Amino acid sequence: MSHLTYAKVVGTIELNKRQETILQIVKDHGPITGEHIADRLHLTRATLRPDLAILTMAGYLDARPRVGYFYTGKTGSQALTEKIKKIQVHEFSSIPVVVSESSTVYEAICTMFLEDVGTLFIVNKQAHLVGVVSRKDLLRASMGQQDLNAMPINIIMTRMPNITFCLKEDYLFDVAQILIQKQIDGLPVVKKSEQDDGFEVIGRITKTNITKAFVELAKDEMII
Ligand code: ADP
């Protein structure tokens with residue numbers, strides 16, 4: 001099945017006759033393995049694989065390893081929405097790239113290139129989050145005539161308390177909405193410091209992480 005066909009199925013969730021039959025078998029006999037469904041239909045497991053993938057992805061069926069398929073009792077889109085909304089930040093976050101607030105703009109540019117990220121988090125001596133610097137912040141600073149080696153990063157960064165951040169238990173779906181609403185590329189994932197009111201940066205979540213989650217979600221459903 002091509003990726004486009006796959007996307008179309010998600011959109012319309014129209015089942016063919018064989019898929020309807022599979023659904024009925026699982027409703028009547030679930031939990032049931034793919035092998036047993038195939039036996040009942042006198043087909044091979046391989047032939048059924050795409051149908052099972054569609055039914056699972058669309059949310060009609062769920063599957064547990066070594067248990068088999070069972071009927072969820074939900075409409076396809078309800079189940080998929082629920083699944084999306086349950087993904088937490090820590091499942092897809094990346095390692096944060098931080099620079100010290102005593103760094104220069106030049107050093108920050110080098111770090112951004114070397115680490116291949118679009119956003120840097122600026123931390124103070126206690127390793128607490130004090131700022132965020134994006135690619136455009138650095139480009140803007142570079143457009144002037146100033147010496148970038150002499151320009152401290154903390155004069156161009158977006159600073160606390162104006163930083164939007166998230167916790168590792170937050171939902172990825174909520175983060176995605178914040179990124180759209182605030183028109184930013186990513187958020188630092190933070191943990192409240194045990195000593196004071198500061199926040200330690202423990203991760204980063206960007207549009208790329210969210211794209212990965214989206215792809216993984218679809219892939220999981222296809223493999224089962
Ligand atoms: P770019 O500017 O490279 O397109 P963004 O859209 O992420 O990247 O950043 C836009 C502006 O928002 C920048 O000035 C940046 O400092 C600021 N910014 C980026 N991330 C955050 C954040 N999590 N909280 C607050 N401000 C942010």
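Total residues in segment 127-150 satisfying the condition of being more than 9 Å from the ligand (Cβ to nearest atom), in contact (Cβ under 8 Å) with a residue 40 or more places away in the chain and of a type outside the set (Gly, Ala, Ser): the figure is 4.
Flag: MET143 does not match the condition of being more than 22 Å from PHE113 (Cβ to Cβ), among the hydrophobic types (A, V, I, L, M, F, W, C) and over 20 Å from the mean Cα position of the chain (by Cα). Of all residues in segment 41-59, those that are under 25 Å from the mean Cα position of the chain (by Cα) and free of Cβ contacts under 8 Å to residues at least 40 places away in the same chain total 1. Consider segment 151-199 and keep the residues that are away from the ligand (no atom under 14 Å from the Cβ), in a loop (DSSP other than H, G, I, E, B) and touching a helix residue (DSSP H, G or I) at 6+ places or on another chain (Cβ under 9 Å). The one that is nearest to CYS110 (Cα to Cα) is MET151.
In the set ALA46, ALA53, only one residue is surrounded by fewer than 19 Cβ atoms within 10 Å (Cβ to Cβ) and among the small types (Gly, Ala, Ser); that residue is ALA46. When ILE205 is tested against (1) touching a residue at least 40 places away in the same chain (Cβ under 8 Å); (2) within 13 Å of the ligand (Cβ to nearest atom); (3) of a type in the set (A, V, I, L, M, F, W, C); (4) in a helix (DSSP H, G or I), just one condition goes unmet, and that condition is (4).
Only the coordinates and a few stated rules stand behind these numbers; no lab work does. These numbers were taken from a predicted model, which means no experiment stands behind them. When we count neighbours, we look across all protein chains shown, and the Cβ atoms used for this are built from the backbone with ideal geometry, even at glycine.
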